[in-house]
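I have placed the structure first, in the form of structure tokens, so that the comments after it can refer back to it.
The values are calculated or read from the model by the stated rules, or taken from the named source; none is laboratory data. Nothing here was measured: the structure is a model prediction, and the numbers come from that model. Positions of Cβ are backbone-derived with ideal geometry, glycine not excepted, and every protein chain shown enters the neighbour counts. The accessibility values were calculated without ligands, DNA or RNA, using every heavy atom of the protein model including side chains. Shrake-Rupley method; radii C 1.70, N 1.55, O 1.52, S 1.80 Å.
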Amino acid sequence: MATPNQAYFVNTLLRWYGQHKRPLPWRDTTNPYYIWLSEVILQQTRVAQGMPYYQKFVEAYPTVQQLAAAPEDEVLRLWQGLGYYSRARNMHHTAKIVMEQYGGQFPDSFAELLKLKGVGNYTAAAIAAFAFKEQVAVLDGNVFRVLARLFGISDDIAVPASRKVFQKLADELVPADAPDTYNQAIMEFGAIQCTPVMPDCLFCPLQQSCFAFNNGMVQELPVKKKAKAARPRYFHYIVLEHEGDFYLRKRLEGDIWQGLYDFYLYESPGKNLPIETLVQELQQAGLEADSAYLQSPQKDYKHILSHQKITARFYRIRLISRLKEEVLKETRLAPFNVEEIEALPKPILINSYLKDAKILVYL
Ligand code: SF4
């Protein structure tokens, strides 16, 4: 039932990190803005996927001032494809707060960073440790996993109360003289050595003192209760087109993809929708559709989010005349030409359709 001596664990981990760390651009900086950007981008995102986004953002907005001053549509467009769009909106919002309330300077302590709207425990700890060398522990999924396996902690990591147990141990482990390197090291160890599915136990320097390895519990730890099954949703998009313009609208608060643009949407309770029902719905919305003009959907588009499973169909309609002002007002639709659509922030699913339908060619 051995677990590692804490000093031995820290030293071994730091040695391992020195030999195995990946060269990542946000590790070569102590600029809190860049560190914050990288942490926001990398939440729920793999490094390989997040890297080009980090580079794009640093290039487009080299300072927090430039990010704060950017239009939201532009920020969302740059974020397109990364998912979890609320992260981009919150990031933009936080940049504005840093400008308005902190004179463009990130606070330099964990406690102060936490007061910043939109910055949670994880991000505050990461900025405090990496930019200001504060002795705080960063707790992400990698750290939970490494600690659970090495020290045999079986508290369910999906339960908020378990955080205290992990936080206490994590805080004790952070060395005063290298909080930045240590935090990078444990996250890197979780990302490339003690991975979720196939950890490299055979060549692990901590193998002898690892609780999970010595007790045959590598696959059981960390304990994480199953998330609820994703809710299926069925979207029917009406692609209204008139002389090269397409009608889209900005999605509102209170549902997924807030701030992104999509087409007129009818959501049905089941997968299949009789065409008459759809036509009726469109007529009620003032869209004088006739089933004869509806181009049948070519295929089902699937998109999986953390709690929802979307199946979408697209029905294209070529309109004989432009939509009337009152209909535009009622439906919140607006006409956009192809160049304008290219520049709009859109859900990936909409982008895929635009590409398949050859409406947008150069994506
Ligand atoms: S022995 Fe395996 S489970 Fe234990 S820390 Fe190393 S990689 Fe992780």
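Couple of notes before you dig in:
- When the pairs Lys117/Lys329; Lys302/Lys346; Lys115/Lys224; Lys225/Lys309; Lys329/Lys355; Lys56/Lys346 are compared against a 22 Å limit on Cα-Cα distance, Lys117/Lys329; Lys115/Lys224; Lys329/Lys355 fall above it.
- The fraction of accessible area contributed by carbon and sulfur in the chain is 52 percent, rounded to a whole number (1.4 Å probe; ligands and nucleic acids excluded).
- Couplings 3J(HN,Hα) of the range 47-64, computed from phi: 4, 4, 7, x, 3, x, 5, 4, 5, 4, 5, 5, 5, 6, 10, x, 10, 5 Hz, in residue order, whole Hz [Karplus 6.51 cos²θ - 1.76 cosθ + 1.60, θ = phi - 60°; x for Gly and Pro].
- FRET efficiency estimate (nearest 0.05) - Cβ-Cβ, Val47 to Gln6, R0 30 angstrom: 0.60
- Calculated FRET value between Ser109 and Leu202, using beta carbons and R₀ = 45 Å, to 0.05: 0.60
- Shown in residue order for the range 327-336 are the 3J(HN,Hα) couplings computed by the Karplus curve 6.51 cos²θ - 1.76 cosθ + 1.60 at θ = phi - 60°: 5, 4, 5, 5, 8, 6, 7, 8, x, 9 Hz (x for Gly and Pro).
- In this rough spin-label picture, where each label sits 7 Å from Cα along the Cβ direction, the Thr277-Leu319 distance is 2.5 nm.
- On full extension, the segment bounded by Leu265 and Leu328 gains 21.3 nm, given 0.36 nm per residue less the C-alpha separation.
- Gain upon complete extension [Glu172, Ala60; 0.36 nm per residue less C-alpha separation]: 36.4 nm
- Length gained when the stretch Lys358-Ala227 is fully extended (0.36 nm per residue, less Cα-Cα span): 43.4 nm
- Spacing of the two label points (7 Å from each Cα toward its C-beta) at Asp300 and Asp155, in nm: 4.2
- Heavy-atom surface of the range 218-311, accessible at 1.4 Å and reported per residue (Å²): 59
- Loop GluC sites (Glu not before Pro), the range 127-227, which have at most 12 other Cβ atoms in a 10 Å radius of their Cβ (DSSP): Glu220
- FRET efficiency, 1/(1 + (r/R0)^6) with R0 35 Å, evaluated for Tyr122 and Asn214 via beta carbons: 0.75
- Centre-to-centre, using Cα atoms only, the range 44-106 and the range 149-198 are separated by 27 Å.
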